[in-house]
Every structure is written in structure tokens, then in C-alpha cells.
């Protein structure tokens, strides 16, 4: 079997991508630095070279190479099963025994890949999620939840969505230029500060911007139908990225910003999150998104009554 060309090809493929999936340096037992005769040694891996090769360097994340490892191993497994069947079972076993052995192998592989789909709503799930999301779930109105900070993709915002089933602001779309996707939030007042609180909130003079931003805030909140805001204090305290990190005084200023500029009311607080509700009456605008010639996404407002000019 080792002499067959196809088998050797897939064996080398599995081995190569396995090395790439190990990352830039070798980790063993949670350690990347090893000491030999008082000398610290790090073992570099092929992933470092791959990061300099055009097109291949777009992979970026090492677990993506593991897909090819599993793919190659699956083909090698098929060759192995075929070899066992043709070299041994066809000669030494009856048809019933062959069927029994192949059925066991099939069930074994099927059990390995079987993953039941979890239900959207269980007591176990709710027990792991803040009680505030249950408050949002009980609200049957058409509204949006704004999680602070607004990440591109984060399980802390998408996982609770299994409970409240409301739209959330943010998200991530593959292969979409940043100027059409994430930079969009940078151009919107209020949302930009809540997207990158570590960069903007500490430098914001709330007293001086209150009168200027409060009317704009109502417009923005109405546009996105935002009714609930969730501030992840635990994330903001721990996040090492300056755009997101806030010290205790910064968290207090963020609380003032949401209450005084956005106009939301804090109705929930624990060690990890603060929950706000925007229950004041907002203008019932009809809204749409437009992209102008400069590739800038803007908000446009239209009066709901027919016959009136915007």
C-alpha cells in the first residue's frame, strides 16, 4: 500500500498541512520555550515561511490548515478500508462478515462526525447568560440590541442572541471591503464612540457635546431601531487593545455618555455587564442606506407622510 503513488501523495499532504497547522513555533505541554544547557530554544515551524508567500499568507489562522489534514486523512482512511476489504475480507470472510465489519466501520465514522443541533432555548443556556437578556426576550417589539463594544464578530454578543432573538448591531461578512462593512460605523456619530470606547470616550467632554449630539443620537437610535444597550464591562476592563480598553473612571464616563447623550436608562447592572433601555419616544422615520460616489455610507431621512418633501 505504501508504494502506491496516490497514497504517498495524500500521506505527504496530511503531513505537510499538519506541520502548518501547528503554528509559527512548536508548542509542547503549553510551552514554546525549552531550555537546553541553560540555553532557551524555540523551534520554528513551516507556518513562518507560509506567511511570506503571496496568496497563501491570506490564510492567517493556523486551524484553517487542519481542514486539509482531515481531508487527506479521510482519503487515506478510504484507501485503508479498501485495502482491508480486498486483501483480507474478500478471501477470508463470508459476505455477511464483510457487511458486518464494514457496517461497524461506517457507524464508527458516522458517530465521530455526528453533532446534534442544540436547541435555541434551554434552561442550561439561559443559566449561563445574564438575566438582562431574558428581559430583552420578553419584549416582543421590533427593536435592535446594541452591544458595547461593537465587535465585528464576538461570541459574547451572538451567543445571547439565542435567547433574545433580536437583531444586533455589528457583525462580519466575508470578503467584503472594510470601507463597506466595518468602517461604516466609524462615520456615524454616537455609534463610533460605542464601537471604540477606549479611543473616544475618555477624550469626550460630555458637557460640551450634550446639546450638539443629543438630537443626533435620537436620529441614530431611531434609524437602527435601537432600544436596548448592553455594556460589557468585563470585556472593556480586560481588553488589551487601546481602542476598547477602559479604566474604572472611563467606565463611569461611558455610563454618563449613554445616559446623558444617548438618553438611555440603566435598568440592570452586575459585575460583568450594565443594561440600558431607550424607552423615550423617537421620531418614526422611514430610513434607508445610500452609498455616494466617495464610497461613504450615509444616513438619509424621509418623512413618513406621503406628499411631503424630505
> Taking the condition within 18 Å of residue 13 (Cα to Cα), outside any loop (DSSP other than H, G, I, E, B), in contact (Cβ under 8 Å) with a residue 40 or more places away in the chain and assigned by TED's automatic domain parsing to the domain that holds residue 10, does residue 83 pass?
Replying inline: no
>> Filter segment 128-147 down to the residues that are assigned to a strand (DSSP E or B) and modelled with pLDDT under 90 and list them by number.
In response: none
>> Conditions first: (1) modelled with pLDDT of 85 or more; (2) under 25 Å from the mean Cα position of the chain (by Cα). Residue 56 passes all but one, so which condition is the exception?
In response: (1)
> (1) over 25 Å from residue 165 (Cα atoms); (2) buried (at least 16 other Cβ atoms within 10 Å of the Cβ); (3) in contact with a helix residue (DSSP H, G or I) (Cβ under 6 Å, 6 or more places away or on another chain); (4) modelled with pLDDT of 80 or more: which one isn't true of residue 264, the others all being true?
Replying inline: (1)
>> Criterion first (buried (at least 17 other Cβ atoms within 10 Å of the Cβ), closer than 25 Å to residue 131 by Cα, touching a helix residue (DSSP H, G or I) at 6+ places or on another chain (Cβ under 8 Å) and at pLDDT below 90) does residue 239 satisfy it?
In response: yes
> Is it the case that segment 203-212 has a residue that's at pLDDT 90 or above, in the same structural domain as residue 150 (by TED's automatic domain parsing), surrounded by 15 or more Cβ atoms within 10 Å (Cβ to Cβ) and outside any helix (DSSP H, G or I)?
Replying inline: no
>> Looking at 39, 49, 105, 97, can you tell me which residue is free of Cβ contacts under 8 Å to residues at least 12 places away in the same chain, surrounded by 11 or more Cβ atoms within 10 Å (Cβ to Cβ) and over 33 Å from the mean Cα position of the chain (by Cα)?
In response: 97
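The values are calculated or read from the model by the stated rules, or taken from the named source; none is laboratory data. Predicted model, so just to flag it, every value in this text is computed and none were measured. Cβ sites come from the backbone with ideal geometry, for glycine too, and all protein chains shown count toward neighbours.
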